[in-house]
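One structure below.
The values are calculated or read from the model by the stated rules, or taken from the named source; none is laboratory data. Given the structure is predicted, the values throughout are model-derived calculations rather than measurements. For neighbour counting, all protein chains shown are included, and Cβ atoms are generated from backbone atoms with ideal geometry for every residue, glycine included.
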Amino acid sequence: MPRGSGGLKRWLVQIDTDRRQLTQFWPVVQNMVMQELRVRYQRSVMGFLWTLLNPILMMATLTVVFSQILDVRKEGYAIYLFAGMVPWNFLSSSINDCAFCIISNEGLIRKIYLPKLIFPLTRVLINLVTFMLSMSALFVILGPLGATPRLPLLMLPVVVLLFAMFALGLGLIVATANTFFRDCGHLVTVFLQAWYFLTPIIYEAKFLGAAQGRLWLNPAYPFIKMFQTIIQDGLWPDLTTFMVAAGIASVSLGIGYVAFKANEDKLVFRL
């Protein structure tokens, strides 16, 4: 059998092995997610309500500030801002958390056997739960902002799934890199801040004029664009944007998985 075919076969076997291991350890994943969410809000009077209030309060603040700076309608801008800001918070938090997920679980990794893939997956799932709770705040504010839910919202779960794949792929890459090179975690924070301002979240793409086409070089842009199209405009995302986003999500997850698994056995020696 050709080397290429043999390599592909080995990766397919590895994927199937990881699938079975994740199924076996899924209760552990669920417990880790619930434990983290419980600890995060256990001393808070309002608890999980903060996942609803935080994006609304942040959106209200930014709307007041930027609606005075940018030439936008305050009502439409609020929904536009919410549609981009909440998904970005999920992406940013997932990548930041994944960067340190192996290092912070050193004691657990050395004590018992757990598939190391569990740790970045758990961090993304924790942020995904928070993301979904924050998105539910959308349905609370749509009415007061003069918008109504429309049929394209049915597409939202598919877009969220693709975005989660994209986030997990990047999370696997930074989890691997930061375990080997501890400066990576600090660089990720700086990179994410720059990436945020390069993505049309607080400003609309039309303000870039002729440079608007360069946004397609930003891998987060197709995802944010779909969220904005569905939530603010109430329209179905166009096929080109969807296919580009699906391709980016698949490539991100594929590269992240290969990078993580290729170095998985070496991670413990870097802790």
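Miscellaneous remarks
- Of all residues in segment 193-240, those that are in a helix (DSSP H, G or I), aliphatic (A, V, I, L, M) and surrounded by fewer than 17 Cβ atoms within 10 Å (Cβ to Cβ) total 8.
- Restricting segment 73-113 to residues that are out of contact with any helix residue (DSSP H, G or I) (no Cβ under 7 Å at 6 or more places or on another chain) and without any contact (Cβ under 8 Å) to a residue 24 or more places away in the chain, the residue that is nearest to residue 218 (Cα to Cα): 73
- Among the residues making up segment 12-34, those that are closer than 16 Å to residue 257 by Cα and not hydrophobic (A, V, I, L, M, F, W, C) are 14, 16, 17, 18, 19, 20, 21.
Matching residues to (1) modelled with pLDDT under 85; (2) under 18 Å from residue 228 (Cβ atoms):
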{"residue": "37", "(1), (2)": "yes, no"}
{"residue": "40", "(1), (2)": "yes, no"}
{"residue": "45", "(1), (2)": "yes, no"}
{"residue": "58", "(1), (2)": "yes, yes"}
{"residue": "67", "(1), (2)": "yes, yes"}
{"residue": "91", "(1), (2)": "no, yes"}
{"residue": "97", "(1), (2)": "no, no"}
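- Any hit, segment 143-157, residues being surrounded by 14 or more Cβ atoms within 10 Å (Cβ to Cβ), modelled with pLDDT of 90 or more and more than 26 Å from residue 16 (Cα to Cα): yes
- Qualifying residue in segment 169-185 (condition: within 30 Å of residue 77 (Cα to Cα), among the hydrophobic types (A, V, I, L, M, F, W, C) and touching a Cys at 6+ places or on another chain (Cβ under 8 Å)): yes
- Failed item in (1) assigned to a helix (DSSP H, G or I); (2) surrounded by fewer than 22 Cβ atoms within 10 Å (Cβ to Cβ), with residue 124 passing the rest: (2)
- Pair list, Cβ under 6 Å, 6 or more apart: segment 260-271 residue basic (Lys, Arg), other residue surrounded by 15 or more Cβ atoms within 10 Å (Cβ to Cβ) and part of a helix (DSSP H, G or I): 270/179
- Scanning segment 241-262 for residues that are under 18 Å from residue 98 (Cβ atoms), surrounded by 17 or more Cβ atoms within 10 Å (Cβ to Cβ) and either aromatic (Phe, Trp, Tyr) or out of contact with any Phe, Trp or Tyr (no Cβ under 7 Å at 6 or more places or on another chain) (or both) turns up 253, 256, 257, 259, 260, 261.
- Among the residues making up segment 179-190, those that are more than 15 Å from the chain's Cα centre (by Cα) and either part of a helix (DSSP H, G or I) or charged (D, E, K, R) (or both) are 179, 180, 182, 183, 184, 185, 186, 187, 190.
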